[in-house]
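As structure tokens, the structure follows; a few thoughts come after it.
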Amino acid sequence: MVDSALNAKLSRRTIVKSSLIAPAVAMLPVGLQGVAAQDTITATMVTDTAGLGDQNFNDLANKGGERAAAELGVEWKVIESADQAAYIPNLTAAAENGEVVVGVGFLLLEAITEVANQFPDQNFVLIDADLDAPNVQGVTYSEEQLGFIAGVIAGKSTKTNKIGVIDGVRIPPVFRYEVGFVAGVKSVNPEATVDIVVTGVFGDAPLGKVTAAAQFNAGCDIIFPIAGLTGTGAYAAAAELNKPGEVWVIGVDTTQDHLAPGYELCVVNKGVDFGVFTGIKQVIDGNFTPGAINYDLASGGISFSVYADRASAEWEGLALAYQQMLIDGTLVAPVDDDALAAFVPPAEPAPLEVAPAASPTS
């Protein structure tokens, strides 16, 4: 039986944006240490158009590469993509000048397919997409599980029963986050409404701020921004309202509380850095594994964390109980719109005991 109430209060709006400004293409050597020059490999990351400084996705990937430089002695480089037309030349340059190429984001799928075919002896790590090629490791994540957990905390924490979601481009990782979040909210608070705005861009923080401000002004007290740099604007909007304890932003991919200290309710941690580091380490260890790799709550690589003085221990314990259901398979979060339409919320479990833990860190 389909829960007809699940989608009754769901709205999705789209803001059309014709272009975005991104950093110019640049090679940025980060570090090299720990091994002899003849043993050194070069790993190069090609960003999506939001580039470095997005406070989450690209910066997380760079963090994984910097860790590889520090711990494994690789030479780590970054090429920022000014626009999508730069993907193929940037990936080609990376392949011509190193042993490992890291493509950051689903939007690089077509470009990396073409370039990987031209460089069969190079190793490619593609974040957020699966690709059937003998020299490409496609790293994906179960964002729907993270979204569900965030939705549980948001659904229980909201005081207004109005919650906002800001999407960037509605690609698979984004809509997995989104539909999982809606399912989580509806599982614990069927009276809550979820207002979804699709901005269409990942690199426009001012647009994210305007979008979030409109949602806050319309009564939303919690916003879940799944929009990269665009989503960081939600923090600016929250801080500008100057209503601590009344409005919240949920950190996506990693904590961004430093953007508006005190306004981050909880964080869903997506191990992009872990995926990048692991792929590079496999090359060094001689056991690089092409094909699909997915990180979920059961296998590790993703997690959630809360601030003890912001989300209540009861709701954190409830989120932990749902997390266990997701891990053991008694709960399957929806991954697309059709699965969301068919989703029937399970009986609410008893909260688990919450162990003392440190607040989220970057």
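The values are calculated or read from the model by the stated rules, or taken from the named source; none is laboratory data. Note that the coordinates shown come from a computational prediction; the quantities given were computed from them, not determined experimentally. Cβ atoms come from the backbone with ideal geometry, glycine included; neighbour counts cover every protein chain shown.
Got at least one residue in segment 144-156 being within 23 Å of Q84 (Cα to Cα) and modelled with pLDDT of 95 or more? For segment 144-156, residues within 23 Å of Q84 (Cα to Cα) and modelled with pLDDT of 95 or more: absent. For segment 83-98, a residue qualifies if it is assigned to a helix (DSSP H, G or I) and not small (G, A, S), and the qualifying residues are Q84, Y87, I88, P89, N90, L91, T92, E96. Scanning segment 282-306 for residues that are in a strand (DSSP E or B) and within 24 Å of A43 (Cα to Cα) yields G291, A292, I293, N294, Y295, I302. In the set (1) crowded, with 18+ Cβ neighbours inside 10 Å; (2) at pLDDT below 95, the condition left unmet by T14 is number (1).
Within segment 106-142, the set of residues being out of contact with any helix residue (DSSP H, G or I) (no Cβ under 7 Å at 6 or more places or on another chain) and either surrounded by fewer than 22 Cβ atoms within 10 Å (Cβ to Cβ) or aliphatic (A, V, I, L, M) (or both) comprises L109, E110, T113, A116, N117, Q118, P120, D121, D130, D132, P134, T140. When V78, V101 are checked against the criterion of being within 14 Å of E114 (Cα to Cα) and in a strand (DSSP E or B), V101 stands alone in meeting it. Counting only residues that are touching a residue at least 40 places away in the same chain (Cβ under 8 Å) and either of a type in the set (K, R) or part of a loop (DSSP other than H, G, I, E, B) (or both), segment 45-61 holds 9 of them. Let me spell it out: the conditions are (1) over 22 Å from the mean Cα position of the chain (by Cα); (2) modelled with pLDDT of 90 or more; (3) more than 18 Å from T278 (Cβ to Cβ), and L52 meets all of them except one. Which number is the exception? Among (1) over 22 Å from the mean Cα position of the chain (by Cα); (2) modelled with pLDDT of 90 or more; (3) more than 18 Å from T278 (Cβ to Cβ), L52 violates only (1). Return a yes/no flag: does segment 125-141 have any residue that is in a helix (DSSP H, G or I) and either over 13 Å from the mean Cα position of the chain (by Cα) or small (G, A, S) (or both). No, the conditions are met nowhere in segment 125-141. Listed by first and then second residue, the pairs linking a residue in segment 287-305 that is acidic (D, E) to a residue that is crowded, with 18+ Cβ neighbours inside 10 Å, with Cβ atoms under 7 Å apart and 6 or more places separating them unless they lie on different chains, are D296/S142; D296/Q145; D296/I302.
Comparison of G286, G275, G301, G291 shows that the only residue that is on the phi > 0 side of the Ramachandran plot, out of contact with any Cys (no Cβ under 9 Å at 6 or more places or on another chain) and crowded, with 19+ Cβ neighbours inside 10 Å is G301. Applying a threshold of 8 Å to beta carbon distances and a minimum spacing of six or more residues, or different chains, the list of pairs starting in segment 152-166 at a residue that is within 14 Å of E178 (Cα to Cα) and assigned by TED's automatic domain parsing to the domain that holds T211 and ending at one that is acidic (D, E) and crowded, with 24+ Cβ neighbours inside 10 Å reads V165/E178. Right, D309: modelled with pLDDT of 95 or more and either surrounded by fewer than 18 Cβ atoms within 10 Å (Cβ to Cβ) or polar (S, T, N, Q) (or both) or not? No; evaluated as a whole, the condition is false for this residue. Against the condition within 22 Å of the chain's Cα centre (by Cα) and either in contact (Cβ under 8 Å) with a residue 12 or more places away in the chain or not assigned by TED's automatic domain parsing to the domain that holds T44 (or both), how does E178 come out, does it pass? Yes; evaluated as a whole, the condition is true for this residue. Residues in segment 208-219 include none that are modelled with pLDDT under 95 and not aliphatic (A, V, I, L, M).
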